[in-house]
Amino acid sequence: MVLNNDFDRHNLQPKKFVLWLFIVSSIIFFAGLTSGFIVYAGDGAGKSLNVDLPKAFIYSTVVIVLSSLTMHKAFLSSKKLQFAQQKLWLWLTLFLGVVFISLQVYGWTVWTNLGIFFVNSNATISFVYAFTLFHVLHIVAGLVMILTAIKSSYGTVPNVTNTFRMEITSIFWHFVDIVWIYLYLFLLLNQ
Amino acid sequence: MSTIAINNPSAIHHDDHAHHQETFLTKYVFSQDHKMIAKQFLITGIIMGVIAMILSILFRIQLAYPDHSFPLLEVLLGRFAPEGRLDPNFYLSLVTIHGTIMVFFVLTAGLSGTFSNLLIPLQIGARDMASPFMNMLSYWLFFTASVIMLSTFFVESGPAGGGWTIYPPLSAVPKAMPGSGFGMTLWLISMILFIASSLMGGINYVSTILNMRTKGMDLWKMPLTIWSFLLTAMLGILSFPVLVAGVVLLIFDRSFGTSFYLSDIFIGGQALAHEGGSPILWQHLFWFLGHPEVYIVIMPAMGIASEVMSVNSRKPIFGYHAMVYSLIGITTLSFIVWGHHMFVTGMNPFLGGVFMITTLIIAVPSAVKTFNWLATLWRGNIRFTPAMLFAIGLVSFFISGGLTGIWLGNAALDINLHDTYFVVAHFHLVMGSAAIFGMIAGVYHWFPKMFGRLMNVKLGYLHFWLTFAAAYLVFFPMHFMGLDGVPRRYYAFTEFESMDKWLSVNVFITWSAILGAVAQIAFLFNFVYSIFFGEKSTENPWEANTLEWTTPVERIHGNWPGEIPTVYRWSYDYSKPGHDTDFIMQTTPHSQTMSSNLLHDFEGNEAAEKIQEKWNLEHNRIDSSEEVK
């Protein structure tokens, strides 16, 4: 690890750019899914989202917006070198992320209890499951990133690396937050 | 040879860590060095290409001799060829896997994977990729995808058989036919891995090109190869995720019982539970990737051809900026033309008209590129190396295959031509021949950079002429079959009276294809032999300008032993009037080429212009490009 901090630092900018490019491809992925929804729903009557979305999705929206705030606090603390604060906010974000996933899963159970299943002759409902499922997968990836950021905040790595991990984690976390807001608004508008 | 400025203090550190212990495993297998990864992609790509070519010979034999029995086939293929005749379902699998391997595994991974990995760091002046680890992962995902794709030949029901576009319902209902069974599932898994590999590679290429260029290498000094790799990678990043979206929905339909793509399906009089889905939805999602994909295939080949033709014509590429803008134009347009694959799906004729117009507009940037290549050759001091011949071959195929694109892009004509051999002829000329020729040109040209040795020229000529002739003999007659309405993917022409008369043509095509396949032995032998016993290469065997030819022949980790060289000029200063050699490398500063500098070389730097003008007066040199004849 000691051998070339200079080389690593030199390499950080391209690596951050890699994350942005991944975000672009992720955006395209969700754009592909939602335009699939539009093409499907445009096919005619009986192919629209004709049930209410689970209430849990409202709460999960609140939770993920909150988690974005806590993530930003963690990011600011790491900039000010307040590592105790950084740790605290990161743990909080991690907790909120887990709560978010639980709320999404709860939303699915609410629907299945009502008889609104993933396997459905109205594929718009299958689409809702697919959207939320793939978004949750992104959240899981985000949680893994938060865990690595937490690990680095315990001072096991040089501060450059800590700041860098903190930075890319927060970029990604805000991104998955925005994706959820987009998906939720998209579904509300297509109800 | 050139002035080198220190522009990268980290280089010193890098040398330190280049000394860490390399084992066989880290050097040849799990290598993170871009040059080794490029070779891994190339060799895997070539092996996949040979396999896909053998598959095509198998179904060509069936097409030429549908009523003959070849006992040897049963020996080789067992239950896939009972009594020496291909099983009809296996025929469909052959066509499907041939297409899949050629389009994705050879012309996407084999082409972009090889040359983007090899040339991006070398030509922009970087020590490696933005993320060497991700680069390694990209290769191993590709390798795993290849293994899974080939393993489907050992599945009881055979490989996927629904065509490389895997339209539902054939791909979505496992019971539809043998080729829809487990082989199809593996096909989907293989493709997901492949897409992950492509995305990792593409993201790395874009980040490396945009962030890690050496000092002086601004975007407009990059060789056209780098431009084409950049735009290809961008296309991949913007289109492959849509295919992922489509494929996961397909997996849901296949394995979980959803109805995204399925509706009103009856098997043996029994209705399936799927209801309300739309198979057209798949076509939209697939072709939104599928069309950009054909440019992912051809654009790197175009970049390679531009570079090879300029070097071997000893002339600057004609219309460098126009070449870049036409690449950008093709990239942009490729996203709004996917509907031309779907003209006959019952699409609104107005929408069809829109897609037709956007499609035909692509002819403009394509024609710009073609004329620029021809103008580059014009009055050049041409060196007919094998690479050059293959690059010229690319232009030839791109013209003859591109012209038929104008027919096919027409929504009205497409009613007749859709899914006929005319389409097969078209895309085999532009992708199957032009893009492959670009790839082979790249192999001959950059072989010394990969292996430190030269390939045999005479075998190269033999390879070129046989392949060139065979490709035209195979694909040209198919146009006439298509115009007569002969549909593609049919198992036995003898079963249809209207197609019976084309059987003799099929025999001719098959023998031409066999000739073309045999010709590849010249290449394969040359390739393998030259790796070990080829003539040793010098540092710059082609007298080219680009940065990769400033690296040592030994191909060290980190590419340059000292500092990374600085770039002072574009990469196409060939035969510049007033200079004593017919090439000036990008690393040569203008202060060393006073006798050939033109005022516009200084890009508005008035101080430099003044110095040049003073020099011109002192040396009695008239500085005006118009004066030079």
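The values are calculated or read from the model by the stated rules, or taken from the named source; none is laboratory data. Quantities reported herein were computed from a predicted structural model and do not represent experimental measurements. Note that we place each Cβ from the backbone using ideal geometry, even for glycine, and neighbour counts take in every protein chain shown.
Could you check, for the stretch A:10-25, whether at least one of its residues is under 16 Å from residue A:188 (Cα atoms), out of contact with any Asp or Glu (no Cβ under 7 Å at 6 or more places or on another chain), part of a helix (DSSP H, G or I) and within 14 Å of another protein chain (Cβ to nearest Cβ)? No, the conditions are met nowhere in the stretch A:10-25. Checked against the criteria, residue A:131 counts as assigned to a helix (DSSP H, G or I), crowded, with 16+ Cβ neighbours inside 10 Å, out of contact with any Ser or Thr (no Cβ under 6 Å at 6 or more places or on another chain) and not hydroxyl-bearing (Ser, Thr, Tyr). Just checking, does the stretch B:235-242 include any residue being within 14 Å of another protein chain (Cβ to nearest Cβ), β-branched (Val, Ile, Thr), part of a helix (DSSP H, G or I) and within 19 Å of residue B:287 (Cβ to Cβ)? Among the residues of the stretch B:235-242, at least one is within 14 Å of another protein chain (Cβ to nearest Cβ), β-branched (Val, Ile, Thr), part of a helix (DSSP H, G or I) and within 19 Å of residue B:287 (Cβ to Cβ), which makes the answer yes. For the stretch B:342-358, does any single residue satisfy the condition of being surrounded by 23 or more Cβ atoms within 10 Å (Cβ to Cβ), in a helix (DSSP H, G or I) and not aromatic (Phe, Trp, Tyr)? Looking through the stretch B:342-358, none of the residues is surrounded by 23 or more Cβ atoms within 10 Å (Cβ to Cβ), in a helix (DSSP H, G or I) and not aromatic (Phe, Trp, Tyr). For the structure I just gave you, tell me whether residue B:284 is under 13 Å from residue A:120 (Cβ atoms) and either touching a Phe, Trp or Tyr at 6+ places or on another chain (Cβ under 8 Å) or not in a helix (DSSP H, G or I) (or both). Spelling it out, it is not the case that residue B:284 is under 13 Å from residue A:120 (Cβ atoms) and either touching a Phe, Trp or Tyr at 6+ places or on another chain (Cβ under 8 Å) or not in a helix (DSSP H, G or I) (or both). For residue B:246, indicate whether it is assigned to a helix (DSSP H, G or I) and within 14 Å of chain A (Cβ to nearest Cβ). Judged against the criteria, residue B:246 is a match. Could you list, in sequence order, the residues of the stretch A:100-125 that are within 14 Å of another protein chain (Cβ to nearest Cβ) and of a type in the set (Gly, Ala, Ser)? Within the stretch A:100-125, A:121, A:123 meet the criteria. The residues listed here are B:66, B:174, B:168; of these, the one that is outside any helix (DSSP H, G or I) and surrounded by 21 or more Cβ atoms within 10 Å (Cβ to Cβ) is B:168.
The rows are residues; the columns are (1) away from chain A (no Cβ under 14 Å); (2) surrounded by 23 or more Cβ atoms within 10 Å (Cβ to Cβ).
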site: B:179; (1), (2): yes, yes
site: B:189; (1), (2): yes, no
site: B:197; (1), (2): no, yes
site: B:203; (1), (2): no, yes
site: B:206; (1), (2): no, yes
site: B:217; (1), (2): yes, yes
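Annotation: residue B:263 fulfils all but one of (1) facing another protein chain (nearest Cβ under 10 Å); (2) in contact (Cβ under 8 Å) with a residue 40 or more places away in the chain; (3) more than 19 Å from the chain's Cα centre (by Cα); the unmet one is (2). Among the numbered conditions (1) in a loop (DSSP other than H, G, I, E, B); (2) within 22 Å of residue B:583 (Cα to Cα); (3) not small (Gly, Ala, Ser), the only one that residue B:559 does not meet is (2). Residue pairs whose Cβ atoms lie under 7 Å apart, sitting 6 or more positions apart in sequence or on different chains, and linking a residue in the stretch B:25-37 that is surrounded by 12 or more Cβ atoms within 10 Å (Cβ to Cβ) to a partner that is not in a helix (DSSP H, G or I), are B:33/B:128; B:33/B:557; B:34/B:128; B:34/B:129; B:35/B:555; B:37/B:31. The residue list B:530, B:595 contains one member that is touching a Gly at 6+ places or on another chain (Cβ under 8 Å) and either surrounded by 13 or more Cβ atoms within 10 Å (Cβ to Cβ) or outside any helix (DSSP H, G or I) (or both), which is B:595. Inspection of the stretch B:290-300 finds a residue satisfying the criterion of being without any contact (Cβ under 8 Å) to a residue 60 or more places away in the chain and either closer than 20 Å to residue B:246 by Cα or touching a strand residue (DSSP E or B) at 6+ places or on another chain (Cβ under 7 Å) (or both). With respect to residue B:290, is the statement that it is within 12 Å of chain A (Cβ to nearest Cβ), under 19 Å from the mean Cα position of the chain (by Cα) and among the small types (Gly, Ala, Ser) true? No, not satisfied. For the stretch A:26-81, filtering for residues that are more than 14 Å from every other protein chain (Cβ to nearest Cβ), touching a residue at least 40 places away in the same chain (Cβ under 8 Å) and in a loop (DSSP other than H, G, I, E, B) leaves 6. Annotation note: Cβ proximity below 9 Å between a residue of the stretch B:427-452 that is in contact (Cβ under 8 Å) with a residue 12 or more places away in the chain and a residue that is in a helix (DSSP H, G or I) and basic (Lys, Arg) (sequence gap 6+ or interchain) occurs for B:449/B:35; B:450/B:35; B:450/B:39; B:451/B:39. Against the conditions (1) more than 14 Å from chain B (Cβ to nearest Cβ); (2) under 17 Å from the mean Cα position of the chain (by Cα), residue A:141 satisfies every one except (1). The numbered conditions (1) closer than 21 Å to residue B:257 by Cα; (2) in a helix (DSSP H, G or I) are all true for residue A:85 except (1). When each of A:58, A:64, A:38 is tested for being aliphatic (A, V, I, L, M), buried (at least 20 other Cβ atoms within 10 Å of the Cβ), closer than 19 Å to residue A:180 by Cα and at pLDDT 90 or above, the lone residue that passes is A:64. Do we have any residue at all in the stretch B:545-556 that's of a type in the set (A, V, I, L, M, F, W, C) and in a loop (DSSP other than H, G, I, E, B)? For the stretch B:545-556, residues of a type in the set (A, V, I, L, M, F, W, C) and in a loop (DSSP other than H, G, I, E, B): present. Of B:577, B:552, B:541, all but one fail to be touching a strand residue (DSSP E or B) at 6+ places or on another chain (Cβ under 7 Å) and of a type outside the set (Val, Ile, Thr); the exception is B:541.
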